[in-house]
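To start, the structure under review is shown below, and the notes come after it.
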Amino acid sequence: MVRFFGKAIGKVDDKGRVVFPAIYRDALAREGEDMTLVVKKSVQGDCLNLFTRAEWERRSDKVLEGLDPELNPEHAAFWSKYNDGVYYVVPDGKLGRLNIPSELLMETGLTKEVVFAGVGYKIEIWPKDRRESTLMSDGQFKETAARLSDKK
């Protein structure tokens, strides 16, 4: 199972394509992963989430386990919204470009420079000018780390 770490800067071209960074392409290749990726708007922030197809299937199956969209209207509405705007993307063979759907680019403000941030099981794609402001301060990080470590 591939894990993504580190960050890389990219640019969105006029056709909505962005070069998928080599550090992440190499990680997929090393693990023998399928190059088909899933992209969707984050539930947590104004960025895009990029998953391997296998990771997306694992995570969406886990969400679905707690739902009954067939019989519960609230669950059905949630499940529909959760899957709205989910797209498969595959880096092109020549440059490794990803063609990101325009609706996702517009919803997240991805217009020029972007930051790819590997956070383990997924890659977040942020507008470059917004990424840093979303991170915890060092003090918050230390406090949270201490609090979470006490729960083990």
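Computed values, structure above
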quantity: GluC sites (Glu not before Pro) restricted to the stretch 3-58 and DSSP loop, no more than 15 other C-beta within 10 Å; calculated: none
quantity: Ranked W79, W126, criterion: other C-beta atoms within 10 Å, fewest first; calculated: W79, W126
quantity: Given (1) 16.8, 49; (2) 14.3, 44; (3) 16.5, 52, the label whose value is Rg and Dmax of the Cα atoms in Å derived from this model; calculated: (1)
quantity: Chain lengthening between D14 and D34 when straightened (0.36 nm per residue, less Cα-Cα); calculated: 4.5 nm
quantity: Nearest-20 debye value, the stretch 1-71 charge dipole, Cβ charges on Lys, Arg, Asp, Glu; calculated: 400
quantity: Rounded to the nearest 20 debye, dipole of the chain from Cβ charges on Lys, Arg, Asp, Glu; calculated: 540
quantity: From phi via Karplus (6.51, -1.76, 1.60), per-residue ³J(HN,Hα) for the stretch 85-102 in Hz, x at Gly/Pro; calculated: x, 9, 9, 8, 9, 10, x, 5, x, 6, 10, x, 6, 9, 8, 8, x, 4
quantity: Spin-label model distance (nm) - S133 vs E113, 7 Å beyond Cα toward Cβ; calculated: 1.5
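Readers should treat all values here as calculations from the given coordinates under stated rules, not as data from a laboratory. On a predicted model such as this, the values are computed, not experimentally measured, just so you know. Ideal geometry is used to build each Cβ from the backbone, glycine not excepted, and the neighbour counts take in all protein chains shown.
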